[in-house]
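All remarks here apply to the structure that follows.
The values are calculated or read from the model by the stated rules, or taken from the named source; none is laboratory data. Note that the structure is predicted; figures quoted are calculated from it, not measured. Methodologically, a virtual Cβ is constructed for each residue, glycine included, from the backbone with ideal geometry; neighbour enumeration extends over all protein chains shown. Accessible surface areas use protein heavy atoms only, side chains included; no ligands, DNA or RNA. Shrake-Rupley method; radii C 1.70, N 1.55, O 1.52, S 1.80 Å.
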Amino acid sequence: MTARPYVLLSCAMSIDGYIDDATTERLLLSNDADLDRIDAVRAGCDAIMVGAATVRRDDPRLLVRSERRRAERVALGLPPCPVKVTVTASGDLDPTARFFTMGDGAKVVYCPSGVAEKTREQVGAVATVVDAGDPVTPEAVLADLAGRGVGRLMVEGGGTVHCQFLTAGVADELHLVVAPFFVGDGRAPRFVGDGHFPWHSGRRARVVEVRQIGDVVLTRYALSDRCEA
């Protein structure tokens, strides 16, 4: 069997644990220096993943922004940007979203069997649509990505996807950035929802780094023995 990809989760949240507010505008949690750090992390990965809700809500590009980093990847025989990956339960994706239209790299969409035909009709012309069974599990996604040559996956959210990977116990590392303010609105999405997590009061995650980056704080947690200190 091909080993599953190394899985790195990345999230920015408010002091009270929210990853956005309840408005239609995207809430900026990171600062420029931290966004540059994230860009460097992206450049070191083979694939970047977000959930379909993030594609719809935030319309992310998910590209390596630095021209120098893109050139370094090309010099290593890699595409300029990692493969873009999303998971949808409904198949409701817009083929004109920046996830699909920006960047020349591969895009892969995982969906349940029941909406595979619908998903191919929606975005089959701009992405590879994979019937990942029902329900779609992180394990199934990782097995397929491994078969596509992905050795390192960066998961950028949102909360549902992060929760699924964490509760499945298939995350190796977590980068958690805390912004210096509160959201204070229970309607807003949080980092993760309820679930049975492998890390709890009797099994603490290992902190491998704490770093101040301007006005935010990054904490890196080792979630498996594969984590690079």
Quick one: which residue in F182, F197 is aromatic (F, W, Y), over 30 Å from S90 (Cα atoms) and either open to solvent by less than 50 Å² (accessible area, probe 1.4 Å) or touching a Ser or Thr at 6+ places or on another chain (Cβ under 8 Å) (or both)? F182
Filter the stretch 40-59 down to residues that are open to solvent by 20 Å² or more (accessible area, probe 1.4 Å) and in a loop (DSSP other than H, G, I, E, B) and give me whichever is farthest from R152 (Cα to Cα). D59
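Can you name the residue in the stretch 103-113 that is part of a loop (DSSP other than H, G, I, E, B) and either of a type in the set (G, A, S) or crowded, with 16+ Cβ neighbours inside 10 Å (or both) and is also farthest from the chain's Cα centre (by Cα) among such residues?
Across the stretch 103-113, the extreme among qualifying residues is P112.
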Taking the stated definitions as given, is R65 basic (K, R), assigned to a loop (DSSP other than H, G, I, E, B) and within 27 Å of D34 (Cβ to Cβ)? yes
Quick check on the stretch 71-79. Is at least one of its residues in contact with a Lys or Arg (Cβ under 9 Å, 6 or more places away or on another chain) and open to solvent by less than 40 Å² (accessible area, probe 1.4 Å)? no
Contact list please: Cβ distance under 6 Å, first residue in the stretch 51-73 and in contact (Cβ under 8 Å) with a residue 60 or more places away in the chain, second residue assigned to a loop (DSSP other than H, G, I, E, B), pairs at least six apart or on different chains. G51/G158; A53/G158; T54/G157; T54/G158
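Against the definition (within 18 Å of the chain's Cα centre (by Cα) and in contact (Cβ under 8 Å) with a residue 60 or more places away in the chain), how does P82 come out, yes or no?
So P82 fits the description; yes.
Take E25 and tell me if it is over 19 Å from Q164 (Cβ atoms), surrounded by fewer than 18 Cβ atoms within 10 Å (Cβ to Cβ) and at pLDDT 95 or above.
Considered against the rule, which asks whether it is over 19 Å from Q164 (Cβ atoms), surrounded by fewer than 18 Cβ atoms within 10 Å (Cβ to Cβ) and at pLDDT 95 or above, E25 comes out as no.
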On the basis of being surrounded by fewer than 20 Cβ atoms within 10 Å (Cβ to Cβ) and more than 25 Å from G193 (Cα to Cα), does A33 make the cut? yes
With the checklist (1) under 16 Å from A52 (Cα atoms); (2) in contact (Cβ under 8 Å) with a residue 12 or more places away in the chain in hand, flag the one item R120 doesn't pass. (2)
How many residues are open to solvent by 20 Å² or more (accessible area, probe 1.4 Å), out of contact with any Leu (no Cβ under 9 Å at 6 or more places or on another chain) and under 27 Å from A168 (Cα atoms) if we restrict to the stretch 8-22? 2
